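Following: one structure in structure tokens, then a few remarks.
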Amino acid sequence: MQLQTQLNVPQQQPQIDYTSRVLLLGSCFAENIGEKFAYYQFQQLQNPLGILFHPFAIENFLKRVANQEKFTAKAIFQHQEIYSCFEAHSRLNALSENELLNDLNTALEETFHFLKTTSHVIITLGTSWIYKHIEQNKYVANCHKIPQKNFNKELSSVTELEKSLQKSVAYIQEINADSQFVFTISPVRHLKDGFIENQRSKSHLIAALHQVLENKKRLAYFPSYEIMMDELRDYRFYTSDLLHPNNTAIDYIWERFQASWMAEECLPTMKKVQQIRQGLSHRPFNPKSESHQKFQQKLQQQTKEIQQSFPFMEF
């Protein structure tokens with residue numbers, strides 16, 4: 001008896017292995033997948049400016065990276081004794097202007113150098129709704145809890161989104177023409193916008209993205225949104241807010257991604273990394289016991305051996 005309709009997600013090329021360098025950008029779901037890459041010790045860089053929900057925000061960031069256009073004091077503002085930037089997520093907020101500028105420009109430089117040798121760029125799109133700061137007449141990536149009256153809320157059209165995505169691809173290809181793109185739509189529901197508004201938002205993203213992907217080489221689509229909506233169509237796969245995929249859903253989507261994009265030869269190494277991580281997190285009843293000392297010695301040997309093969313791994 002089949003109790004689930006399952007999407008056909010074919011194997012893709014070029015596949016990701018431990019020689020790959022993966023840049024992840026976009027919504028919080030990009031970070032869910034990025035955490036998997038980090039856990040298994042792949043060479044990866046995720047959201048240097050923090051979570052970016054809208055294609056315009058991703059485009060603006062990549063434009064700065066491609067042009068090596070540094071942030072200046074004009075991009076910084078202070079609110080409630082905290083320094084913020086409308087182009088970045090609040091996790092970069094700082095207590096001084098210099099600290100924030102340093103973090104922002106370090107992120108740009110790190111991304112530029114990482115992109116030169118990036119093999120795969122994974123971009124997760126979150127929403128078509130965006131806020132424009134009225135006084136500055138500019139779209140923002142994050143409102144930083146500035147009062148709503150300072151912004152106009154807009155739903156970006158399919159045409160606007162398509163142009164933005166094309167520009168994002170072009171900025172990356174200026175730096176590295178050989179990168180493989182993997183686009184996906186975030187399965188996180190933005191119900192603060194409203195049920196109908198969330199569906200409009202996702203539909204605009206899907207329509208625009210597939211216009212960009214059509215008959216393009218090195219641009220691919222992974223259906224994380226469709227997997228969540230169809231294969232995992234039950235609230236038991238959501239967190240308590242009923243909006244975000246829970247760990248079971250994230251693990252399931254990761255397994256589908258792994259089957260599609262991950263090279264089979266890297267699976268034994270992933271298993272070894274997992275064993276080492278589990279060993280490092282083990283808490284013994286008696287740390288001084290002979291059995292635990294032997295366990296520690298074996299763990300150290302396993303770590304040394306895997307780092308000899310993959311020097312970039314850090315435990």
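The values are calculated or read from the model by the stated rules, or taken from the named source; none is laboratory data. Keep in mind the model is a prediction, meaning the values are calculated, not measured. Cβ sites come from the backbone with ideal geometry, for glycine too, and all protein chains shown count toward neighbours.
Some notes on this structure:
- Here GLU197 meets each of (1) farther than 26 Å from PRO245 by Cβ; (2) out of contact with any helix residue (DSSP H, G or I) (no Cβ under 7 Å at 6 or more places or on another chain); (3) part of a helix (DSSP H, G or I) with one exception, condition (1).
- Which numbered condition HIS210 misses (of (1) under 23 Å from HIS120 (Cα atoms); (2) crowded, with 16+ Cβ neighbours inside 10 Å; (3) assigned by TED's automatic domain parsing to the domain that holds ILE58): (2)
- Qualifying residue in the stretch 252-262 (condition: modelled with pLDDT under 95 and either among the hydroxyl-bearing types (Ser, Thr, Tyr) or within 29 Å of PRO14 (Cβ to Cβ) (or both)): no
- Helices (runs of 4 or more DSSP H) fully within the stretch 246-315 counting 3 or more residues that are of a type in the set (A, V, I, L, M) and under 26 Å from the mean Cα position of the chain (by Cα): 247-261, 267-280
- Count - residues of the stretch 180-207 that are in contact with a Lys or Arg (Cβ under 7 Å, 6 or more places away or on another chain) and more than 11 Å from LEU125 (Cβ to Cβ): 3
- Single condition LEU205 does not satisfy, out of (1) within 17 Å of GLY26 (Cα to Cα); (2) surrounded by fewer than 18 Cβ atoms within 10 Å (Cβ to Cβ): (2)
- If only residues of the stretch 161-178 that are in a helix (DSSP H, G or I) and without any contact (Cβ under 8 Å) to a residue 60 or more places away in the chain are counted, the one that is surrounded by the most Cβ atoms within 10 Å (Cβ to Cβ) is VAL169.
- Contact map, the stretch 89-112: first residue without any contact (Cβ under 8 Å) to a residue 12 or more places away in the chain, second residue buried (at least 18 other Cβ atoms within 10 Å of the Cβ), Cβ cut-off under 8 Å, separation 6 or more or different chains; pairs are ASP103/LEU92.
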